[in-house]
Amino acid sequence: MNSGNPVPIIPKGRPISWEDWLKGRRARRETGNRVAPEIIRRPSSSSDRRLRKLFGGERGLPFKKTEEL
Amino acid sequence: MKPEEIQKALADITAEADPTLKHLKLASLVSAVFRERSIELVVVGGSAIEFYTEGAYVSGDLDMCLISPARLDIRTRQELMGQLGAKGGPRTWQVAGQYVDILGEIETLARTPFNELQAPCGPVRLVGPEDLLVERVLVSVYPQRDEPAELCARKLIAVALSGQVEMNWQEARRLAERPEYRILPVLEELVNTVAHELGKSSPYHS
């Protein structure tokens, strides 16, 4: 981390701590949202049946909102 | 891990409502239990992309591959997943309200190391972003256009260009050129496009 980039980077060659990974969540989500829709969950896949059964008709748990990250 | 530690972790994972955290905590627990038997796992596919990008791309299951040993007998898989109270098998289990797939040996052509995230039950290995990027770019156009794959690649490129995930762009290029992928022009075009959209310089602009 440095003063020019306050978001902890997910680095190569050394681990990222849990705290640093959590700190960067919102920024990573916001960056990605600039170039693609927020949610890009596949409408279906080979796992569809088992996932919808497990998640009450959905393919997974609801995503956390960006502002809550 | 002691049985009571496993139970405590499982209770936490079961109660976790954030799908990304749920996946990551589960990956950490599964990795820890396997590591005690000297078996190393790595998170691959959509789950790994989700951990790098927060891309709201959770596919609903957690995919992990073997790093070492390259093969694991069915009895050992069932015993280890049994420690987690898992149902099913021998490649897919239901644990703590999630599906976990433990696939075969990791397929990687990258020379870069796996990334590591220090999670609550211990380290989680992630397949490198270069492998993920080139794989998604290939899937985005072959065997036919696949928009979710392209969108995932765009997010991965964006976080890397923004200095939030360290990407070895030369390595990504090398992988994309390999006969196993042959996707370099598509990769370069996508990276250049995303860089332009973000107002950043592209590592592939000459």
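Computed from the coordinates by the stated procedures, all read-outs in this text should not be read as laboratory data. All figures in this text were calculated on a predicted structure; none of them were measured in a lab. Reconstructed Cβ throughout: ideal geometry from the backbone, glycine too, with neighbour counts over all protein chains shown.
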query = Å³ per residue of the Cα convex hull, for region B:129-198?
reply = 71 Å³
message = Averaging over every viewing direction, what projected area does the convex hull of the Cα atoms of the protein assembly as shown cover, in nm²?
response = 14.4 nm²
J(HN,Hα) series, region B:192-198, from Karplus relation 6.51 cos²θ - 1.76 cosθ + 1.60, nearest Hz, glycine and proline x = 4, 5, 5, 4, 4, 4, 8
request  = Would you mind putting B:165-171, B:4-10, B:78-84 in packing order, based on average other-beta-carbon counts within 10 Å, highest first?
outcome  = B:165-171, B:78-84, B:4-10
task = Partner chain Cβ atoms within 10 Å, averaged over the residues of B:158-171 - can you pull that number for me?
result = 5
task = Go from 0 up to the bin containing the longest alpha carbon distance in chain B, width 10 Å each, and give me the % of pairs per bin.
result = 8, 34, 32, 19, 6, 0
request  = Starting from the amide H of B:K200, placed 1.01 Å from N in the peptide plane, find each other amide H under 5 Å away whose residue is 5 or more places distant or on another chain.
outcome  = none
inquiry  = As a footprinting exposure proxy, order B:Y99, B:Y52 by other Cβ within 10 Å, with the fewest listed first.
reply    = B:Y99, B:Y52
message = Quick check: pseudo-label points 7 Å beyond the Cα along Cα→Cβ at A:R26 and B:E197, how many nm apart are they?
response = 2.3 nm
remark   = Across B:A96, B:A70, B:A158, the residue with the highest GNM fluctuation in chain B (Cα network, 10 Å cutoff) is B:A70
request  = For each of A:T66, B:T53, count neighbouring Cβ atoms within 10 Å of the residue's Cβ, then give the residues from fewest to most.
outcome  = A:T66, B:T53
message = Tell me the mean residue ellipticity at 222 nm calculated for chain B from its helices only (DSSP H runs of n ≥ 4, each -39500 (n - 2.57), averaged over every residue, nearest 500).
response = -15000 deg cm²/dmol
remark   = From fewest to most C-beta neighbours within 10 Å, the residues B:V141, A:V7 line up as B:V141, A:V7
remark   = Highest GNM mean-square fluctuation among B:D146, B:D131, B:D61, for chain B with Cα springs under 10 Å, belongs to B:D146
Note, ³J(HN,Hα) from phi for region B:168-179, Karplus 6.51, -1.76, 1.60, rounded to Hz, x at Gly and Pro = 8, 5, 5, 5, 4, 5, 4, 4, 5, 7, 5, x
